[in-house]
1. Find the residue count for the range 42-54, including only residues that are in contact with a strand residue (DSSP E or B) (Cβ under 8 Å, 6 or more places away or on another chain) and farther than 14 Å from K16 by Cβ.
2. I'd like the residue in the range 152-192 that is surrounded by 15 or more Cβ atoms within 10 Å (Cβ to Cβ) and among the aliphatic types (A, V, I, L, M) and, out of all such residues, is modelled with the lowest pLDDT.
3. Which residues, taken from the range 63-76, are closer than 20 Å to G138 by Cβ and either in contact (Cβ under 8 Å) with a residue 24 or more places away in the chain or in the same structural domain as V135 (by TED's automatic domain parsing) (or both)?
4. So which residues in the range 61-75 are modelled with pLDDT of 80 or more, touching a Pro at 6+ places or on another chain (Cβ under 9 Å) and either assigned to a helix (DSSP H, G or I) or buried (at least 21 other Cβ atoms within 10 Å of the Cβ) (or both)?
5. Is the range 110-127 home to any residue that is among the aliphatic types (A, V, I, L, M), surrounded by 18 or more Cβ atoms within 10 Å (Cβ to Cβ) and more than 13 Å from the chain's Cα centre (by Cα)?
6. So which of V71, V109 is of a type in the set (A, V, I, L, M, F, W, C) and touching a helix residue (DSSP H, G or I) at 6+ places or on another chain (Cβ under 6 Å)?
7. Using beta carbons and a limit of 6 Å, which pairs, at least six apart or on different chains, have the first residue in the range 110-138 and over 27 Å from D24 (Cβ atoms) and the second one in a helix (DSSP H, G or I) and among the hydrophobic types (A, V, I, L, M, F, W, C)?
Amino acid sequence: MTDPGPDFDPADLSSKREWEKIGDGSFGNVYRATLLGVPVAVKEIGSAKPDRVAGLKRDMHYLRRFPHPNVVQVFGAYEEDGKLFMVMELCAHSLRSRSVVNRVDIVSVLADVARALTKLHRAGHVHRDVKARNVLVGKGYDTAKLCDFGLARAMPDERRPEVNPEMTPRIGPPKYRAPEVVKRRDYDLSSDIYGFGVMCQQL
């Protein structure tokens with residue numbers, strides 16, 4: 001996997017003083033900014049430690065490899081002052097918010113997520129972190145997009161038996177863990193389906 005590089009000049013981003021914090025996660029904060037006047041989201045990785053760099057690279061790799069209307073688009077990444085920044089498509093809302101859930105067409109949103117997972121699974125990859133907070137919704141509340149591929153892995157199969165999926169057991173929120181994961185067996189595509197089912201029940 002090659003190092004992520006920006007497809008833009010970071011100088012074209014709006015000043016950090018103008019960035020608005022719109023979210024946070026295990027890797028760092030997310031800000032609303034502009035790139036040449038166009039609204040974008042910037043994920044800030046607070047430390048360039050090897051594991052966080054690896055997570056950012058995986059996120060970049062998957063978001064670029066699987067372009068899809070229901071997967072968040074990524075524009076590039078850069079490093080500055082010991083921090084990593086990934087610039088992505090801005091989606092106004094997340095399903096982690098009950099007020100957002102109350103405004104969307106749940107069936108349509110879940111169908112969007114299912115389409116994104118189908119694209120990923122057909123290519124032999126597993127997301128491993130399917131949950132409501134990793135589903136973003138556009139400004140018009142009409143399109144859902146799967147995000148946060150930092151834990152995604154390729155699955156070994158007859159075409160690539162040498163692939164090591166590096167399936168660290170028991171990651172993510174306990175309520176989203178499939179029974180086989182709880183029993184410390186490897187993740188597979190059914191693990192994503194279980195997480196998707198839990199999300200369906202929650203919404």
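The values are calculated or read from the model by the stated rules, or taken from the named source; none is laboratory data. Being a predicted model, the structure only gives us computed values, none of them experimental. Glycine gets a Cβ as well: all are built from the backbone with ideal geometry, and neighbour counts include every protein chain shown.
1. As a first pass, look at the range 42-54 and keep what is in contact with a strand residue (DSSP E or B) (Cβ under 8 Å, 6 or more places away or on another chain): 42-48, 52-53.
Applying the additional criterion that residues be farther than 14 Å from K16 by Cβ yields 45, 47-48, 52-53.
Summing the residues that are in contact with a strand residue (DSSP E or B) (Cβ under 8 Å, 6 or more places away or on another chain) and farther than 14 Å from K16 by Cβ in the range 42-54 gives 5.
2. Here the residue is M167.
3. Within the range 63-76, L63, F66, H68, P69, N70, V71, V72, F75 meet the criteria.
4. Result: R64, V74.
5. Yes, that holds for at least one residue.
6. On the way: V109 fails: touching a helix residue (DSSP H, G or I) at 6+ places or on another chain (Cβ under 6 Å).
When all the criteria are applied, what remains is V71.
7. Listed pairs, sorted by first residue: H121/L189.
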